[in-house]
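What follows draws every value from the coordinates through simple rules; no lab data is involved. On a predicted model such as this, the values are computed, not experimentally measured, just so you know. Backbone-built Cβ (ideal geometry, glycine too); neighbour counts: all protein chains shown.
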Amino acid sequence: FSPLMSVVRHSVVTLPTPVNISTWWNFGSLLGVCLAIQIFSGLVLSLHFTAHTDLSFYVVIQSFGDVYYNWWFRALHANGASFFFIGLYLHIARGMYYGSYVFKEVWSVGVVILLLVMASAFLGYVLPWGQMSFWGATVITSLFSALPVIGSDVVIWLWGGFSVDNATLTRFFGLHFLLPFTVAGLAGLHLFFLHDQGSSNPLGVSSDFNKVVFHHYYVLKDLVGACFFVGPLLALVYFNPWLLGDPENFIEGNPLVTPHHIQPEWYFLFAYAILRAVPNKLGGVVALGVAVLILLYMPFSPRTSIKGLSFYPWGKVMFFSLIGVFILLTWAGAKPVEEPYVVVSQVLSFLYFSYFLLIGPLTRIQDKLL
Amino acid sequence: MAGWTVGKKVLATALGMGATGGAGLYVALDESVKADLTLHPPKLPWSHKGPIDSFDHASIRRGYQVYKQVCAACHSLKYIPYRHFVDVFMTEDEAKEEAAEIMVRDGPNDIGEMFDRPGKLTDYLPMPFPNSAAAAYANNGAVPPDLSLMVLARHGGEDYLYHLLNGYCDPPEGVELGEGQHFNPYFPGGAIGMAPPLYTDIIEYEDGTPATQSQLAKDVITFLSWTAMPEHDERKKFGMKAMLVLIPFTALCYYKKRQYWSLLKSGKYVYNPKKY
């Protein structure tokens, strides 16, 4: 065990860590906690789940009354997913604000983790086979038909048939089970690359002259962060477990009845708004993909003299405007496709993409002016 | 921004406030003119709504009586077995007696025949129609939905269902209803296939509670809340216990963290330039 314990020791005990990293640096460990919660609760749920279109909905509902504490695991898993995305978005926002993307390998692996977690969340939402599960699966898998030439064949291949049906559900279950372990492996790689260079810090300068050991300082700080993060999660689980959910998903999936408003969970609404903002199907799909993949561009954006936006006032204005745009896109994604929401989504989508393209040049201008 | 003139600061502040005010105005206007044309149900003070409020189990029992004598004619509760009643609003013997009132198709027996037998605790509440086609035929083309999860399956939950049951009225001028339809402003679209199901004294409660229309609605919806959330009471009880542990634990962790960090936080960096 000695080489393994040595790796663990160097990662969480004696790891030299900057003394001045703030609460925004807690989200890395919090995401690890979220992943552990999701894997643990998901494993328990899978013991009582049957992936079949005739049985899934029934089995999930029955488990509330018949399997001891299965309601707890389901509420924890469903709300844990929401908190996972809260942590992800705040973690990425920290990275964007403080210039963590200069760690190219860490950042790239992080974007891959984000994509896999999004995929995993989408696949998992289909499993209870409610109305929103079925129709969400139909809408999102149908997007692939926009691919030129091979589009319709790809969709049939994904579905395992000519519509979203049992074959789709069973493969989604298999993939949903597999992906989190891939994410766990990538998280290890993410940490490996990070520990190669060491954490950044809010000032954006080198922290090599002032570091402390990870244990006890950051073990305790991360523990406090976990308590403040898991507390609201458990409060939701116990006192209002379906607050963030959609009532439509308590109706069994029916291919003959389309819900009035098909929409994903809140954490995908910003991307959904961008998808629907483009009047062209392929254009919408490309915009959806680019909305997430544009993060990969950040390490290649023009570098500034000082890492991060702490000392760039107009950069800060742009960053917090992006936060506002993100929140408004989330709101717009829940609205029906009617005026004025269409125009609002289009304007917001333009502003969203503009940030990534303009932030580098704008901050470089400040460098030159000073 | 530290080097800005007063004028620039005032302008930036005004712009920020204007943007915030504009956003607020937009939200207010959006809220006032909803995209859908359905009347939204006002909130009601349900006795089980608070974070430490349990179900009113006497109300669940009365609600089951309302369901059985009024709603069960058309609506199923296919996810609810009789055994779930035990220790919630019936004793085991009462639940067995209740189950025994129905006849259930079972089999095959030793000679390979299907037979009917009295219900047991393990049986589910009976379906009023053999299939959805029969349900639609008997109800003017509309299939009465299963009620097991209805409280969770509709926006507004209990409030929506209560106002739906009590909100029937004459259609406004100009609204045309189809054959067999009724007007209800809370139902999406306004035209509902279900006739007003409840009216005062439609049933007589076992426990002598006056069976007013609002009482009937309140009880049946409390019952349906239980069918949708059978874990409700246990969940909140567990939650209170969890908070009783989590809050002091968080405080303790926070104290230890501050204690360990106090050495670093109270440190002072002094620059002593080298004297040549």
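Computed quantities for the displayed model
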{"item": "Hull shadow area, averaged, chain B [alpha-carbon convex hull, nm²]", "result": "31.4"}
{"item": "Neighbour-count order for A:Val164, A:Val347, fewest beta carbons within 10 angstrom listed first", "result": "A:Val347, A:Val164"}
{"item": "Shape category assigned to segment A:187-301 from the gyration tensor of Cα positions, a/c cut at 1.5", "result": "oblate"}
{"item": "Approximate spin-label separation B:Lys265-A:Trp24, in nm, with each point projected 7 Å along Cα-to-Cβ", "result": "2.1"}
{"item": "Residue order, fewest to most surrounding Cβ atoms within 10 angstrom, among B:Lys8, B:Lys274", "result": "B:Lys274, B:Lys8"}
{"item": "Nearest-20 debye value, the protein assembly as shown charge dipole, Cβ charges on Lys, Arg, Asp, Glu", "result": "4940"}
{"item": "Angle in degrees between helix A:70-97 and the longest Cα principal axis of chain A, rounded to the nearest 10", "result": "40"}
{"item": "Average beta-carbon neighbours from other chains, 10 Å sphere, peptide B:253-262", "result": "5"}
{"item": "Kirkwood Rh and Cα Rg combined as Rg/Rh, the protein assembly as shown", "result": "1.01"}
{"item": "Cα-based shape type of chain A, given that a ≥ b ≥ c are square roots of the gyration tensor eigenvalues and the cut on a/c is 1.5", "result": "oblate"}
{"item": "Segment A:223-283: translational diffusion in µm²/s, Stokes-Einstein, Kirkwood Rh over Cα pairs, 37 °C, 0.692 mPa s", "result": "220"}
{"item": "Charge dipole magnitude, Cβ of K and R +1, D and E -1 - segment A:13-262, Cα centre, debye nearest 20", "result": "560"}
{"item": "Estimated FRET transfer efficiency (B:Tyr254, A:Tyr58; beta-carbon r; R0 60 Å; 0.05)", "result": "0.85"}
{"item": "Enclosed volume per residue, in Å³, of the convex hull spanned by Cα atoms of segment A:33-183", "result": "124"}
{"item": "More than 16 angstrom apart: percent of Cα pairs within segment B:111-238", "result": "74"}
{"item": "Ascending count of other beta-carbon atoms within 10 Å, so fewest first, for A:Thr304, B:Thr122", "result": "B:Thr122, A:Thr304"}
{"item": "Using θ = phi - 60° and Karplus 6.51 cos²θ - 1.76 cosθ + 1.60, couplings along segment A:226-237 (whole Hz; Gly, Pro as x)", "result": "5, 4, 6, 8, 6, x, x, 4, 5, 4, 5, 4"}
{"item": "Per residue convex hull volume, Cα atoms of segment A:275-369, in Å³", "result": "97"}
{"item": "Only Lys, Arg (+1) and Asp, Glu (-1) charged, at Cβ; chain B dipole about Cα centre in debye", "result": "3480"}
{"item": "Estimated [θ] at 222 nm from DSSP helical runs (n ≥ 4, -39500 (n - 2.57)) normalised by residues in chain A, nearest 500", "result": "-22000 deg cm²/dmol"}
